[in-house]
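The values are calculated or read from the model by the stated rules, or taken from the named source; none is laboratory data. Here the structure is a predicted model, which is why all the values come from computation and not from measurement. All Cβ positions, glycine included, derive from the backbone under ideal geometry; neighbour counts span all protein chains shown. Ligands, DNA and RNA are excluded from the accessible area calculation, which covers all protein heavy atoms including side chains. Shrake-Rupley method; radii C 1.70, N 1.55, O 1.52, S 1.80 Å.
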Amino acid sequence: MLSGMDHLPTTEAAVTALRALAEEYAREMEVTHDIGADQTSRRSAAGIGVTTDPDGSLPHEAFVEFGGLPRVSVRLYPEEDALIEVEGIECPDVPRDDVPAFLRSLFGDLAYVRARRFPPGYFLIVPLPGDRTHKEYMPVITLSPWLSGRVR
């Protein structure tokens, strides 16, 4: 991650780590910030004009889009998790601390697609540190050219 940082305590720390990854892999990156309970996607019950959570904190959410292939976007939530979309495949509930490693596996061509014969389907497999993997089911019809090139 960023100079030995193992934990990303805030959304801004995660965005900084993603900027470093974008620079490392020569990718363009666009970031959109949503700050305040009335702006973040998981705070729909917040009243009109209410910007803080009941505990007084100011929630911060960010949406990051990367250029190039694979097409990747990341939505970082204040609750220390993220939604990563790879070529239209949503990978929900990825811990915020795993997001840089997840993207490093994608951009470094370590991620692959495993085919299953019956019932037919595919899984996007993304290796993570510590002998862990993130596995996401994909219907057959959703294979993009980038995903099809990684079928094992």
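A few remarks follow.
- Residues that are assigned to a strand (DSSP E or B), at pLDDT 85 or above and either in contact with a Lys or Arg (Cβ under 6 Å, 6 or more places away or on another chain) or not hydrophobic (A, V, I, L, M, F, W, C) (or both), drawn from the stretch 26-39: 30, 32, 33
- Scanning the stretch 81-97 for residues that are open to solvent by 20 Å² or more (accessible area, probe 1.4 Å), in contact with a Leu (Cβ under 8 Å, 6 or more places away or on another chain) and without any contact (Cβ under 8 Å) to a residue 24 or more places away in the chain yields 92, 93.
- Qualifying residues in the stretch 1-25 (those that are touching a Lys or Arg at 6+ places or on another chain (Cβ under 7 Å) and either of a type outside the set (Gly, Ala, Ser) or open to solvent by 10 Å² or more (accessible area, probe 1.4 Å) (or both)) - the one modelled with the highest pLDDT: 21
- Against the list (1) under 22 Å from residue 151 (Cα atoms); (2) among the small types (Gly, Ala, Ser); (3) open to solvent by 20 Å² or more (accessible area, probe 1.4 Å), the condition residue 105 fails is (3).
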